[in-house]
Amino acid sequence: DDSTSSPQNQHWFDAGFSLAPGANTIRIPIAQIAAKINIHDILRVMLFTETLTQEVEIYLDAVRLEGGQPSAAPEISQAAPFMFSFEQESEMRSWRPTEGDRRIKLERSQERARDGSAALSVTLPKVSPMNKYPGIFSLNFPNDWSSFRAFSAAIYLDEPENETFPELKKKKRKKILG
């Protein structure tokens, strides 16, 4: 949210993605995000679901901001890509469960890695009154996304036993304070 936000005027980007069991990649052009929010002032990235009726496990890897277009001004260099590959323990600790939900489990895993040898295993519980949007978020992204072309993430969905996986939604929120 920004300083003009209110319950009636939320400033976030929200998009739904249907995931099939197995490997999935989501990619969103920064221009699409910029049409909804101020990409110079990103606060957090949140990945969540809102319709789970049973627990599922996903593996997250290669979460990245893809590099920008070459600048017309030669003194301004192209943005370097930003990525969570979960090769380091510190990258896993950059993500937190929504609503502090202790039912959400985060672990580095050697399974389902797309880039490198590790991925983030996320066990998402079914929706409950305590947490209507079980998921994860990170505050450790650059605040200014204007020099990047796209946000992307590799998501592997373990097949739930009795249900097809509902939409996974991504939300980016703007900063309120510094």
### Query
Can you give the extra length, in nm with one decimal, that the chain gains between Asp14 and Ser117 once fully stretched, where that is 0.36 nm per residue apart less the Cα-Cα distance?
34.1 nm
### Query
Say each of Phe82 and Ala31 gets a label point 7 Å from the Cα, pointing the same way as Cα to Cβ; how far apart are those two points in nm?
2.1
### Message
Testing the spin-label approximation: label points 7 Å from Cα along Cα→Cβ at Gln110 and Gln54. State their distance in nm.
### Response
2.9
### Task
Sort Tyr156, Tyr133 by accessible area with a 1.4 Å probe, largest first.
Tyr133, Tyr156
### Query
When all protein chains stay in place, what accessible area (Å², nearest 10, 1.4 Å probe) is found for Lys36?
140
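The values are calculated or read from the model by the stated rules, or taken from the named source; none is laboratory data. Quick caveat: nothing in here was measured; it's all calculated off a predicted structure. Here the Cβ is made from the backbone with ideal geometry for all residues, glycine too, and neighbour counts use every protein chain on show. Just the protein is used for accessible areas: all its heavy atoms, side chains included, with ligands, DNA and RNA removed. Shrake-Rupley method; radii C 1.70, N 1.55, O 1.52, S 1.80 Å.
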